[in-house]
1. Looking at region 169-189, can you tell me whether even one residue there is among the basic types (Lys, Arg), without any contact (Cβ under 8 Å) to a residue 12 or more places away in the chain, in contact with a helix residue (DSSP H, G or I) (Cβ under 7 Å, 6 or more places away or on another chain) and more than 30 Å from Lys319 (Cα to Cα)?
2. Being touching a helix residue (DSSP H, G or I) at 6+ places or on another chain (Cβ under 9 Å) and under 29 Å from Trp227 (Cα atoms) narrows it down to one residue among Trp44, Trp138, Trp130; which is it?
3. Cβ-Cβ below 9 Å, separation at least six or inter-chain, first residue in region 208-223 and on the phi > 0 side of the Ramachandran plot and modelled with pLDDT of 95 or more, second surrounded by fewer than 23 Cβ atoms within 10 Å (Cβ to Cβ) and of a type in the set (Ser, Thr, Tyr): which pairs?
4. Under 8 Å between Cβ atoms, at least 6 apart or on separate chains: pull out the pairs that start in region 94-113 with a residue that is free of Cβ contacts under 8 Å to residues at least 60 places away in the same chain and end on any residue that is surrounded by fewer than 18 Cβ atoms within 10 Å (Cβ to Cβ) and β-branched (Val, Ile, Thr).
5. Take the conditions within 25 Å of the chain's Cα centre (by Cα), farther than 17 Å from Gly67 by Cβ and part of a helix (DSSP H, G or I) and apply them to Ala205. Does it pass?
6. Checking the structure you have, find out if any residue of region 254-271 is surrounded by fewer than 22 Cβ atoms within 10 Å (Cβ to Cβ) and touching a His at 6+ places or on another chain (Cβ under 7 Å).
7. I'd like to know if region 33-51 contains one or more residues that are within 23 Å of Lys105 (Cβ to Cβ), in a helix (DSSP H, G or I) and at pLDDT 95 or above.
8. Answer yes or no as to whether Ala480 is more than 24 Å from His382 (Cα to Cα), in contact (Cβ under 8 Å) with a residue 60 or more places away in the chain, part of a helix (DSSP H, G or I) and small (Gly, Ala, Ser).
Amino acid sequence: MLDKRGCGVLLHPTSLPGPGGIGTVGKDARRFVDLLAAMGMSYWQVLPLTPPACGNSPYSSFSAFAGNPLLIDLDQIFEDGNLPAISYEECPDDTCVDFEAVTEKKMEILKAAGTNFLLNNAAPCKQEFWDFCNTTPWLHYYSLFMALKHRYKGKPWVKWPVGLALLTTEKYEKASVELGKEIGVQKYIQWQFFRQWRKLRTYAAGKGIAIIGDIPIFVGYDSADVWSQRELFFLDSKGRPTAVAGVPPDYFSATGQLWGNPLYDWEALGRRKYDWWIERFQSMYGLFDIIRVDHFRGFEAAWQVPVGEKTAINGTWVKAPGTSLFDAVFAALGKLPIIAEDLGVITPEVEDLRDRYRFPGMKIVQFAFDSGPSNPYLPHNHQKNSVVYTGTHDNDTTAGWYNSLSDARRSRVNHYVGSRGDDTIECLIRTVFMSVADTAVIPLQDLIGLGSGARMNVPGTAFGNWGWRFTWNMVADDLAANIRDQVEQYGRYNPS
């Protein structure tokens, strides 16, 4: 799938337009797929679709398997007959998600819909719902986790009563009975997310658009995964991490990034033949056609930071299983289309792991102009088996990045891409399309020429991220035709 020339657009579904204060998988998502098809694109790349926890980040989630309820299209819930009416309360700024307001309103509506559905024995699709419950292995633990989190006012699981925090069989069975109604509602919400996403994915496939998903290597500490399978992580007898994940100082941060995720006990996972990871990949390929593995280098070695450190500076590299893990995954599931996010501190060992499986790596053009002509991110140094981006969700928009450069560096960029200075972003995008790399992906913000106000995330900052949304009036009437012309010219056109 990634071995022929193609092109895609990076946009997280929360950034879509539409009512309700946040993008969903409803009609605006289908309209966006239509736009991609009109451009001649092959791919839609999204960020993780899991339910966000700390700072509303899709990379910090309550579950590595569950879907984000905020992405559910309420119009489809209404059409299912589970709600008498829907009242949309728009956030004041249509171009930024007010996560607190949206979460409060939307979860109230979804819980009401779930209650109505479960009480109505004649509700349509009831058997489909029960089939989903019976064939989704992670679902009950996740639903129980969220029901308990609600009971204990959102506190992290480590602060619950000890019998529930350090879950025992007796407490599991008792809580499953006591919280049966709340658990049922959580299962209904997940069912709706997955059935709606499947409809959207089917629609995209009908337009020739494959979806690139994203799988973070680590999971959140306050998650159903860590709570229910503590033995797979380095935790002490009270369930607290003994060390946490991050990355050392790099392009994005002089003090590194202290993520705080618990680290895997790879030996314990290995004794189980990596069954948890196999289940995770299998689940993700039920959602996506291709997966970008975030922080790929962590499968060769991960940056381990002692608990209590204020920054990620004082960490050490600790080896990970690499080939043993991927061999087990491929033996169980077959060869999978994977993009390796190989940014940051990359060693020959990481490159060997990537190349062993012929995973395409990533080339970021914004990184290309801070050194000489041998810079690997310059398009003339790209490899065929790679994915080239102007920037990612962690970068400023290309317009914002360009405007922040010194005069000398802007001149260097203009000279390289052949710009007069007033069309640099368009020239950079054209340079990406021209790259020898098989796959090119452009964030929507760059295609429509937006500045730093449309940035999705600033790494190392906990709050104020992930909220950007676009509106349809930002998309010029001739955008699709102009992009399609370039995509055709540089051999990336998707005739589907």
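1. Step one: filter region 169-189 for residues among the basic types (Lys, Arg), giving 171, 174, 181, 187.
If we keep only those that are without any contact (Cβ under 8 Å) to a residue 12 or more places away in the chain too, we end up with 171, 174.
This time we only want the ones that are in contact with a helix residue (DSSP H, G or I) (Cβ under 7 Å, 6 or more places away or on another chain), so: 171.
Then keep just the ones that are more than 30 Å from Lys319 (Cα to Cα); that gives 171.
So far as region 169-189 goes, yes, one or more of its residues are among the basic types (Lys, Arg), without any contact (Cβ under 8 Å) to a residue 12 or more places away in the chain, in contact with a helix residue (DSSP H, G or I) (Cβ under 7 Å, 6 or more places away or on another chain) and more than 30 Å from Lys319 (Cα to Cα).
2. Working: Trp44 fails: under 29 Å from Trp227 (Cα atoms); Trp130 fails: touching a helix residue (DSSP H, G or I) at 6+ places or on another chain (Cβ under 9 Å).
One residue alone meets the criteria, Trp138.
3. Gly208/Ser496
4. Going by the 8 Å Cβ cut-off, the qualifying pairs are Ile109/Ile86.
5. Details: within 25 Å of the chain's Cα centre (by Cα): yes; farther than 17 Å from Gly67 by Cβ: yes; part of a helix (DSSP H, G or I): yes.
Considered against the rule, which asks whether it is within 25 Å of the chain's Cα centre (by Cα), farther than 17 Å from Gly67 by Cβ and part of a helix (DSSP H, G or I), Ala205 comes out as yes.
6. No, that holds for no residue.
7. Checking region 33-51: not a single residue is within 23 Å of Lys105 (Cβ to Cβ), in a helix (DSSP H, G or I) and at pLDDT 95 or above.
8. Working: more than 24 Å from His382 (Cα to Cα): yes; in contact (Cβ under 8 Å) with a residue 60 or more places away in the chain: yes; part of a helix (DSSP H, G or I): yes; small (Gly, Ala, Ser): yes.
Criteria met by Ala480.
The values are calculated or read from the model by the stated rules, or taken from the named source; none is laboratory data. Fair warning: this is a prediction, and the values are worked out from it, not measured in the lab. Counting neighbours? That spans all protein chains shown, and the Cβs are built from the backbone with ideal geometry, glycine included.
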